[in-house]
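Just below is one structure, and these are the notes that go with it.
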């Protein structure tokens, strides 16, 4: 079983790797590229957020860094030099995959899954272990970090940053479920889960330490203990602020950043988001 072989090889940490060891890693990386192997996947039994982490997959990715040696990956005759681990060259995309990689400096690292009809606008970057499902758009200057999971028909707008979570291996990566619109200059980090059909307004930043204020229901969403920050289904989140209520901050009239759920998706929001389909 591939999982057992990866776990054993990660634990052994030999000084050198055999041809069979390299074959095991190539088999693993082919599974990442095809989407058969994922760092995290939906699992309704994992209450309350519905996602399961696969630590062995992260071990396999880390194993690739351990196995690889620095290699020159520059294009012949190019002034720009690219040197990286030999185990993680740029990912090849074929016409049969129906993925659009628009010319202009984008890069996909080997070991990421990119579904059919995904559009990659230049320059953007998708890291190893990431999963970008069918019909999504990764816009200019956007980043999909290592092991991040992006659902179907999402739009990561210009300069959106979806953080990577590779270590510790048991940590939940950032997850953006189906039909989510991530606005420009937005940052989603530290294992945050954005449930389906949510909208993150431009400039919104979400982390484990960021409480999100829901003014529709009068509640506050936080990461609790080992549980991640979860943005509810259909929530529309925009940047906001809240006043400091004590100490020098209050006396100086300061406010702290606070993302706010101002409403949940309605027909008007759906109409605006629907315009994105014209670009696909």
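What is the extension gain from residue 246 to residue 86, computed as 0.36 nm multiplied by their sequence separation minus the C-alpha to C-alpha distance, in nm to one decimal?
Details: separation 160, 0.36 × 160 = 57.60 nm, distance 5.41 nm.
Taking residue 246 through residue 86 to full extension adds about 52.2 nm, to one decimal.
Just to be sure I understand: with springs between alpha-carbon atoms less than 10 Å apart, which residue in 196, 149, 248 has the highest mean-square fluctuation in the Gaussian network model of the chain?
It is 248.
Could you put 19, 217 in order, starting from the residue whose Cβ has the fewest other Cβ atoms within 10 Å? Before the final figure, lay out the partial values.
Details: 19 7, 217 11.
Fewest-to-most Cβ neighbours within 10 Å comes out as 19, 217.
Could you list 11, 263, 29, 58 so that the one with the fewest beta carbons within 10 Å of its beta carbon is first and the one with the most is last?
Details: 11 8, 263 17, 29 22, 58 25.
So the residues, fewest neighbours to most, are 11, 263, 29, 58.
Calculate the tail of P(r) for the stretch 10-134: the fraction of all Cα-Cα distances greater than 20 Å, expressed in %.
51
Relative contact order, percent, of the stretch 83-145 when contacts are C-alpha pairs under 8 Å separated by at least 6 residues? Mind dumping the intermediate values first?
Working: 145 pairs, mean separation 18.0, N = 63.
Over the stretch 83-145, the number comes to 29 percent.
For the chain, modelled as a Gaussian network with Cα springs under 10 Å, which listed residue fluctuates most, 199, 244, 53?
Of 199, 244, 53, the most mobile in the Gaussian network model is 244.
By how many degrees, 0 to 90 and rounded to 10, does the Cα axis of helix 19-34 deviate from the longest principal axis of the chain?
40
In what order do 136, 255, 44 fall by count of nearby beta-carbon atoms within 10 Å, going from fewest to most?
Fewest-to-most Cβ neighbours within 10 Å comes out as 44, 255, 136.
Using a 10 angstrom cutoff on alpha carbons, build the Gaussian network for the chain and name the most mobile of 144, 216, 236.
Highest fluctuation of the listed residues: 216.
Using just the alpha carbons, could you tell me how many Å³ per residue the convex hull of the chain encloses? Write out the running numbers ahead of the final one.
Numbers: hull volume 49.0 nm³, N = 280.
Convex hull of Cα atoms, per residue: 175 Å³.
Based on alpha-carbon centroids, what's the gap between the stretch 236-258 and the stretch 1-48 in Å, whole number please?
With the stretch 236-258 and the stretch 1-48 each reduced to a Cα centre, they are spaced 45 Å.
Per DSSP H run of at least 4 residues, take -39500 (n - 2.57); add these up for the chain, divide by its residues and hand me the 222 nm value, nearest 500 deg cm²/dmol. Mind dumping the intermediate values first?
Numbers: 5 runs with 53 residues, N = 280.
Mean residue ellipticity, 222 nm, calculated: -5500 deg cm²/dmol.
Restricting to the chain, compute how many DSSP beta bridges are antiparallel as a %, nearest 5.
Details: 17 of 51 bridges.
Taking every DSSP beta bridge within the chain, about 35 percent pair in antiparallel fashion.
Which length gain, in nm to one decimal place, applies between residue 215 and residue 22 when the Cα-Cα distance is subtracted from 0.36 nm times their residue separation? Let's see the in-between values first.
Values: separation 193, 0.36 × 193 = 69.48 nm, distance 5.32 nm.
Extending this stretch completely gives an extra 64.2 nm.
With an 8 Å cut-off on Cα pairs and a minimum separation of 6 or more residues, tell me the relative contact order of the chain in percent.
Worked out over the chain, it gives 10 percent.
Every number in this text was worked out from the coordinates using simple rules, so none of it is lab data. Just so you know, these numbers come straight off a predicted model, no measurement behind them. All Cβ positions, glycine included, derive from the backbone under ideal geometry; neighbour counts span all protein chains shown.
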